[in-house]
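To start, the structure itself, in C-alpha cells.
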Amino acid sequence: GSGNLMFMAPMIVYINEHTQLVKLEQILITTAMPLALIPLAVNTWAKLLDGNHIFYFRSIHSWVFVSALTIFLIAQITLLPILYYLASVLYGIAIAGGVIGWNLGHNDFVGKGNPLDYMAIHVTLTGVRGLLMPIIGISLYQYLESVESGLGRWALLLPLSMTTLGAILFGYFRKANAL
C-alpha cells in the first residue's frame, strides 16, 4: 500500500512540468477517471473476495496495481498520453479492489479478537503512511530533478518496486497458507 500512496504526488508534478497535457486531462487521469471506475469495478472484486482469504484476493488484486504503475512509468518515459489514460483505467479498477480489501480484509486476521481495535490501528497506520509516502515520493522526485531536468520521471521506480514486492509477498503468503 505504501507504493500506491507514494506514486501519485510525483507523477502529478511530472505530468504538470514535463507533458503537454492540459489541466482537464491531468485531472481526468489522476483523479476523475480512477474514482469514476470504483462503482463500476467494485462488484467484480467483491465476488473474488467473497469466500476467499485476503491473501488469495491480494495475490491477484495487487498485480493490477503493479500493472497500472508500470504503465504510468512507461507513460512518463514515452510521454504518450494514451498510456496515461490506460494506466488511469487500470488504477481505478485496482482502487475498487483496494476499497473492498482494505475495509473487509482485516476480518481474516482478527479471529475472535476485537475488530474495532484492529481497525483503529489499521486506520491510524494507513494515515501515517498516507502522510509520509507522498512526501518521500516528492522528495525523491525533487532530488532527481535537481540532478537533471526530466530525471524525475524515474521517481516512480520506488513506488513501483514497493508495490511489486507487496504483490510478490501476497503470492508467497497465499502459497505458504495453502489458500
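Only the coordinates and a few stated rules stand behind these numbers; no lab work does. What you are looking at is a predicted structure, and each value in this text was computed from that prediction instead of being measured. Don't worry about glycine lacking a Cβ; one is built from the backbone with ideal geometry, like all the others, and counts go over all protein chains shown.
Taking every alpha-carbon pair within the chain, the share separated by more than 27 Å comes to 28 percent.
The residues Ser62, Ser139, Ser88, when put in order of fewest to most other Cβ atoms within 10 Å, stand as Ser139, Ser88, Ser62. In the elastic network of the chain, a GNM with C-alpha springs shorter than 10 Å, the most mobile of Lys112, Lys47, Lys23 is Lys112. Listed from fewest to most Cβ neighbours within 10 Å, the set Glu148, Glu25 follows the order Glu148, Glu25.
Here the contact order of the range 2-176, divided by its residue count and restricted to Cα pairs under 8 Å and six or more residues apart, works out to 41 percent. Of Ala94, Ala36, Ala155, the residue with the greatest mean-square motion in the GNM of the chain, using alpha carbon springs below 10 Å, is Ala36. Principal-axis analysis of the Cα atoms of the chain puts helix 2-18 at an angle of about 20° to the longest axis. Relative to the longest principal axis of the Cα atoms of the chain, the long axis of helix 33-49 lies at roughly 30 degrees. Put in order of Cβ neighbour count within 10 Å, fewest first, the listed residues Thr126, Thr70 become Thr126, Thr70. Largest GNM mean-square fluctuation among Asn16, Asn114, Asn43, using the chain with Cα springs under 10 Å: Asn114. Axis angle, to the nearest 10 degrees, between helix 81-104 and the longest C-alpha principal axis of the chain: 20 degrees.
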